[in-house]
1. Could you sort A:Glu186, A:Glu252, A:Glu103 by accessible area so the largest value comes first, with the probe set to 1.4 Å?
2. Put a dot 7 Å past each Cα toward the Cβ at B:Gln322 and B:Ile305; how far apart are the dots in nm?
3. Compute for chain A: radius of gyration divided by Kirkwood radius, i.e. Rg/Rh, restricted to C-alpha atoms, rounded to two decimals.
4. Rg(Cα) of the protein assembly as shown divided by 2.2 N^0.38 Å?
5. Ratio of alpha-carbon Rg to the 2.2 N^0.38 Å globular estimate for region A:232-298, to two decimals, please.
6. Shielding of A:102-115 by partners, i.e. mean partner chain Cβ atoms within 10 Å per residue?
7. Treat every Asp and Glu Cβ in the protein assembly as shown as -1 and every Lys and Arg Cβ as +1, leave all other atoms uncharged, and give the resulting dipole magnitude about the Cα centre to the nearest 20 debye.
8. Report, to the nearest 10°, how far helix A:101-111 tilts away from the longest principal axis of the Cα atoms in chain A, using its own Cα long axis and a range of 0 to 90°.
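The values are calculated or read from the model by the stated rules, or taken from the named source; none is laboratory data. Since the model is a prediction, treat every value here as computed from it, not as a measurement. Note that each Cβ is placed from the backbone with ideal geometry, even for glycine, and that neighbours are counted across all protein chains shown. Surface accessibility is based on the protein's heavy atoms, side chains included, excluding ligands, DNA and RNA. Shrake-Rupley method; radii C 1.70, N 1.55, O 1.52, S 1.80 Å.
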Amino acid sequence: MSGAAVSSGIAITARQLTRKFGDKVAVDHIDLDIPSGRIYGFLGPNGSGKSTTLRMLCGMLLPSDGHAEVFGLSVVKDAEAIRRRLGYMPQKFSLWEDLTTDENLQFIADLYGLEGDVGARIAQARATYDLESLRRQRAGTMSGGQKQRLALAAATLHAPELLLLDEPTSAVDPQSRRDFWERLFELAEAGATILVSTHYMDEAERCHGLAIIADGRVVAEGTPRALMESVDADIFEIEGADGSEAPRVIRELPWVHGVTQLGIRLRVLADRSTKDAAEQLRALLARHGIDARIERTDASLEDVFVVSTRREKRGD
Amino acid sequence: MATSRFAGSLRRLRAVARKEVRQLSRDRVTFGMIVGVPLLQIVMFGYAINFDVRNIATVVQDLANSSMSREFIAQLRATQIVRVEYTTNSSAELDRLMREGRASVGVVIPRDFERRLQSDTRPAVQIVVDGSQPSLAAIAAGIAQTPILVRHGAGPYAGGKRMAPRRIEVRTLYNPEKRTAVQIVPALIGVILSMTMVLFTSGAIVRERERGNLELLIATPLGRLELMVGKLLPYVGIGLVQTTLILIVGSALFNVPVVGGLLSLYAATLVFIAASLGLGLFVSTLAQTQFQAFQLAFVTMLPSILLSGFMFPFEGMPVAAQWIAELLPLTHFNVIIRGVMLRGAELGDVWPQLGKLAIFLVVMLGIAVARFKKRLD
Ligand SMILES: Nc1ncnc2c1ncn2[C@@H]1O[C@H](COP(=O)(O)OP(=O)(O)O)[C@@H](O)[C@H]1O
Ligand SMILES: [Mg+2]
């Protein structure tokens, strides 16, 4: 069953992949090379085109332009062959709310034609995803975290080589999110390729590889660490300037990408081309009678995000 | 390889059917409709037919004005079914009273009433009925069956003889198809089935879409035909249950017989159910929401009821309407079911209609499958 593309280590490739809805370009000529056996993240705000991209990859939306291959198979022509090897967890809970855990899992098992001891595999899934106590509970009566565990159990029941997870943790408490990610790492460990979309920075940071998506484009791509190290900005934290005046005047500087208030601190993203940024900031604040302490610090993923999306906008 | 592919297909089809049954059994409203709709309809229609009507406003036009004709009117009064409110000598007056709805039954006794009674083969009395009131048509039939004793010569009822029913002619105005429970119940099977079947399946695909299940469903290897047939199967069972219900109620309340074989009846009904379900699935692929599906289902129901010969006689319809009627499964089923239930026809006698239903099913299912893409756009 393993295609040539899998052995070469690439599970998904996309070239100039595009999707329009009328005049609206939801996905705008993106290129992707997603390695197999890894957790790869799409990080982007709502409406940036994450879901649309995932839907094209499982063949349920046709590309308006460009093409994509999964396991070396065309998402347009070979969608059925891809579907057998893929598990998909839609953004919205899509199992049947009036069926119980067992009934939902049995239905999925039948659809994928699971062979052998199906009961044992379902029991295994129940154990892995902590669903034992929910066997006879209808999905519609479950909490967000329980639904999400059930959805992941269903998506992985047929042991797919590739998992597409669309914002799987959006309706879930922090503890459930941590458990969920543990399961994802176990699956990746077992050889599955996982493509997960999110708008949480902390989740994105846990991915092996990451594409930052804004307005339908990949604006930055790489491992989280590489992205943070190569960010095209200097980050300053300013203490003692927590009024409303300081952020306003700093924002007016042409070389400042963004100002974020974090409690009593301000986080300022300055363009690298400005060599004496710290001095300029200090002078500016002094002129407004603010005596602040300014310190350079390392970039976070959020900084990368702000800088990449900002550069994208100005680049046009 | 081919057989295992087939086994996989069958398994998915069964899984869809089983899931549908489970969901149905948990949806109280739908479940109630399965039994409630046919019961309600048959009782409604049944009341209209079998209403124990008394004191119907009646106009009498006694042209004979003889002792015998007066005797006849007296006996009619005695039945208490009619209440003679008007007597008139003019046909125009009778027409007007009926048209204005002041009288629902008109009794016309011709000038040569006695001669007709004695020797004539022509009807002795004409009863004019407002056919726009369905209950009355049956009443008139009842009146015509009333044994009326006609006195001959002197003496109370001496040598009286039963007037043969055929001697009273019933003319139904506004509803030339004289309808009785015996005729209505078989037709009701078709009407009820096409309502419930199309209505139920029209929502089948849309419901998955509306509840967000479709996105997961189309990401699986489930085939389109497997989905369609799997969705359809449970409703076939439901349709047969409804048929049985109508037959039992029809027989218990209205003594509607099943002259033909039950097997023929169920076999023919099965084909009709499948055809109606095919139509419902087709509707389901047209609609984006359950509400739209519901409206569309209604749109298909109207011509079925109006043009299939249930309401109006098929022969009297304009040619265009007849063409449309040809396309409706109910038209053909009406022919089959009347044949089987009332005349004891076998399946072999109605194969052209059965064939048309089968073609309809295949075409509808084909269009539904072709229209349903495993995509979101
Ligand atoms: N079916 C659709 N019809 C029209 N516009 C759509 C449709 N699906 C998505 N869009 C639009 O495409 C853009 C990207 O949406 P989406 O892929 O859902 O983003 P994300 O998943 O990142 O939140 C949005 O502007 C959204 O409104
Ligand atoms: Mg989304």
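1. I get A:Glu252, A:Glu186, A:Glu103, largest accessible area first.
2. Taking the simple label geometry, B:Ile305 and B:Gln322 are separated by 2.5 nm.
3. Rg/Rh for chain A comes to 1.05.
4. That ratio works out to 1.46.
5. Against the compact-globule rule of thumb, the ratio is 0.96.
6. Partner-chain Cβ atoms within 10 Å, mean over residues of A:102-115: 5.
7. With only Lys, Arg, Asp and Glu charged at Cβ, the dipole is about 3120 debye.
8. 70
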